[in-house]
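Reviewing the structure listed below.
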Amino acid sequence: MAKKILLGVALIGSTSVDLQIVNRKTGKVIEKVHRSLIADNDLYTDGVVDDEQINQLIEMILRFQQLLADYDVETFKVWGAYSLASAQNAVYISARIQHATGLVVKWLSASQEAYYGQVAMRYGDQNFPKEQARVCLMSLSSGRLSLGYYVDGRLQFTRNINLGPIRLASQLADLDDEIVDLEGLVREFVNSKLADYNYLLPKIEAADLLLVAGSTVLEHTLGAPLVKAADFLMHNQALLNDPTQKWLDKYGFNINQTDIIMPELILLENFMQVTGAAQIGISRQHILPGIIMEETEQLSGDEILVHAYELSQRFQVEPKHQEAVLHFAEQLFDRMRTLHGLSKRSRLLLQVAALVHDVGSYLNAYHHYENSETIILADEIDGLTPTEIQMVALIAHYHSYELPKDGIDFATNLSAVEQIEVIKLAALLRLADALDDSRLQKISKITISMKKPTIELVGYSSEKLYLEQWTFEEKANLFEQIFGRQIILKRKGLE
């Protein structure tokens with residue numbers, strides 16, 4: 001098999017290292033390797049990964065490289081979990097891995113990790129219902145939890161929280177061993193950490209299934225792929241009543257895992273109750289398959305748009321204007337490809353910006369574009385990289401009349417290429433927004449003629465477009481500066 005067809009992807013985390021070799025054309029998995037690490041609470045107590053664990057990571061990657069050489073794989077990418085990316089010594093971990101292996105670690109953000117975990121289960125797990133159903137997908141990592149709610153196969157929302165079994169265990173590590181009601185105290189502690197999270201969850205109909213990935217406890221104790229809620233809760237309580245030695249002897253936990261068992265059992269109980277799920281299941285599809293789907297271009301980006309739309313709903317963006325701006329932005333992008341020369345991913349960023357550009361109006365309509373930037377940066381739209389989130393925030397900021405100045409030196413962490421992309425997309429969004437400046441959806445369709453020096457955009461409408469034409473002329477200044485072409489809006493009546 002030709003080298004270029006095979007792709008190797010590894011994910012390093014605080015508790016495991018995973019590798020998959022895939023055919024990049026078909027997406028078929030050729031080889032799969034999983035190696036567990038000793039769970040290390042130091043990451044959450046001290047904020048660092050110790051030398052022993054870094055050396056373990058390096059040793060495993062070196063072994064993977066030998067396996068990849070045996071398969072004659074040319075391309076090998078290493079991703080790092082958010083838990084490691086958050087470590088105080090993350091830069092040293094990267095440096096040591098690169099020095100030993102020649103590989104550069106690509107760190108996952110929290111939003112990327114949540115996104116890849118969700119799509120891996122949504123598209124890769126055989127227990128995800130193919131027919132009508134309400135399903136909650138929960139992705140657990142050592143320090144983070146992501147919950148997605150699907151109805152008839154379509155994502156409705158996701159919510160994330162920096163709370164995972166090992167993080168909980170590290171926070172509970174100082175509890176006195178002589179506490180009489182340890183379970184009650186742990187339950188109270190977990191419930192306190194989830195109180196605000198649960199309160200802010202959208203109201204949902206009870207789920208038919210809660211499917212969980214990344215659960216050490218379920219992997220050891222769940223007796224079947226799917227278990228009824230009542231049976232699970234009863235078994236859960238029995239486990240909580242069991243002595244530690246029974247966890248080791250009967251269920252095969254190792255001594256280093258015992259600290260996480262009680263917090264994780266109680267965490268799972270909580271989400272069974274919150275979701276009202278009729279069944280619970282264990283998913284073997286975790287973050288890495290989602291990353292591979294992205295690497296092999298199997299993802300459309302639709303889930304990312306759902307995240308953006310859901311954010312806009314939370315901040316009560318007016319839907320008709322939003323729909324019009326999105327529609328015009330897509331058309332402007334598609335019909336001016338030869339002018340802007342941007343990628344398919346750039347189109348997705350423009351779509352996201354079109355959906356969320358007015359979220360700031362919820363706080364204050366005056367200078368709402370500045371508020372929009374703040375909200376977008378704070379929310380972290382799932383599926384986008386930190387750089388892409390910043391780009392979307394800036395595109396939304398500059399959809400109004402304000403012009404970027406001084407080479408947008410406010411975004412010094414963006415490359416020159418990324419800064420230019422931001423300005424191009426902001427210029428297109430400004431025009432799309434101007435086409436519905438009245439918020440009355442007067443224009444039913446548009447055509448664009450780029451043959452003459454002056455680009456002519458024709459809006460078909462049965463109504464006058466005085467406001468739209470005036471606003472369009474005002475907002476076209478950014479377009480004309482970045483592309484060096486004048487653009488005008490003309491009206492053509494409908495017959």
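The values are calculated or read from the model by the stated rules, or taken from the named source; none is laboratory data. From a predicted model like this one, the values you see are computed outputs, not experimental measurements. Neighbour counts run over all protein chains shown; Cβ positions are idealised from the backbone, glycine included. The protein model used for the area step is the full one, side chains on, heavy atoms only, and it has no ligands, DNA or RNA in it. Shrake-Rupley method; radii C 1.70, N 1.55, O 1.52, S 1.80 Å.
A few notes on this one:
- Total charge dipole magnitude, segment 85-137, about the Cα centre, Cβ charges on Lys, Arg, Asp, Glu only, Debye to nearest 20: 60
- Here the extension length gained between residue 413 and residue 473 equals 18.4 nm, from 0.36 nm per residue of separation less the Cα-Cα distance.
- Here the chain is treated with +1 on each Lys and Arg Cβ and -1 on each Asp and Glu Cβ, and its dipole about the Cα centre works out to around 2380 debye.
- Positive-pole candidate from 146, 218, 237, dipole of the chain, charges at beta carbon: 146
- Proximal charge balance of residue 274 [Cβ under 12 Å; K/R count +1, D/E count -1]: +1
- Given a 1.4 Å probe and the protein chains as shown, residue 77 ends up with an accessible area of around 70 Å².
- Options 127, 101, 306, ranked by Cα towards positive dipole end of the chain, top entry (Cβ charges): 306
- For the residue pairs 445/492; 451/475; 424/475; 77/106; 320/424; 442/490, the C-alpha atoms sit more than 18 angstrom apart in 451/475; 320/424.
- As a length-normalised measure over Cα pairs under 8 Å and 6 or more apart, the relative contact order of segment 300-440 settles at 30 percent.
- Accessible area, probe 1.4 Å, largest first, for residues 235, 99, 368, 321: 99, 235, 368, 321
- Mean residue ellipticity at 222 nm, helices only, the chain: -15500 deg cm²/dmol; runs of at least 4 DSSP H residues each add -39,500 (n - 2.57), and the sum is divided by the number of residues.
- Under 19 Å from residue 344, Cα to Cα: aspartates and glutamates that are on another chain or at least 8 residues apart: 294, 295, 297, 302, 303, 330, 334, 382, 388, 418, 421
- Of 286, 357, the order by accessible heavy-atom surface (1.4 Å probe, DNA, RNA and ligands excluded), from most exposed downward, is 286, 357.
- Average accessible surface for the chain: 46 Å² per residue, computed with a 1.4 Å probe over protein heavy atoms with every protein chain in place.
- Nearest-10 value in Å² for the accessible area of residue 26, using the 1.4 Å probe: 100
- Reachable lysines from residue 130, criterion Cα separation under 26 angstrom, eight or more residues apart if same chain: 25, 28, 32, 203, 228
- Loop-located trypsin sites (Lys or Arg not before Pro) across segment 138-232 with a Cβ neighbour count of 14 or fewer within 10 Å are 203, with loop assigned by DSSP.
- Segment 332-372: projected area of the alpha-carbon convex hull, averaged over directions, in nm²: 3.3
- Proximity of backbone amide H atoms, modeled 1.01 Å from N, is registered between residue 37 and 16, 17 at under 5 Å, excluding neighbours fewer than 5 places apart on the same chain.
- Environment charge at residue 129 (Cβ cut-off 15 Å; Lys +1, Arg +1, Asp -1, Glu -1): -1
- In nm, spacing of pseudo-spin labels at residue 162 and residue 198 (7 Å Cα→C-beta vector): 2.2
- Distance in nm between pseudo-label sites at residue 224 and residue 66 (7 Å out along the Cβ direction from Cα): 4.3
- Neighbour net charge for residue 315 - beta-carbon separation under 12 angstrom, K R +1, D E -1: -3
- Extents of segment 300-440, largest first, come to 34, 30, 30 Å (Cα atoms, principal axes, whole angstrom).
- With all protein chains in place and a 1.4 Å probe, the accessible surface of the chain carries 49 percent carbon and sulfur.
- Between residue 486 and residue 256, the distance separating the two model label sites (each 7 Å from Cα on the Cα→Cβ line) works out to 7.1 nm.
- Accessible surface of residue 446 - all protein chains present, 1.4 Å probe, nearest 10 Å²: 0
- Base-10 log of normalised Debye intensity for the chain (one unit scatterer per alpha-carbon) at q = 0.11, 0.14 Å⁻¹: -1.00, -1.37
- Relative contact order [Cα under 8 Å, 6+ residues apart], the chain, whole percent: 11
- In the distance distribution for segment 6-109, Cα-Cα pairs more than 20 Å apart total 36 percent.
- With one equal scatterer per alpha carbon and no solvent term, the Debye-computed log10 I(q)/I(0) for segment 126-283 at 0.18 1/Å reads -1.13.
- Segment 355-395: relative contact order in percent, alpha carbon pairs under 8 Å with at least 6 residues between: 33
- Cut-off 18 Å, label 7 Å out along Cα→Cβ of residue 233, residues of segment 275-319 by amide N: 275-281
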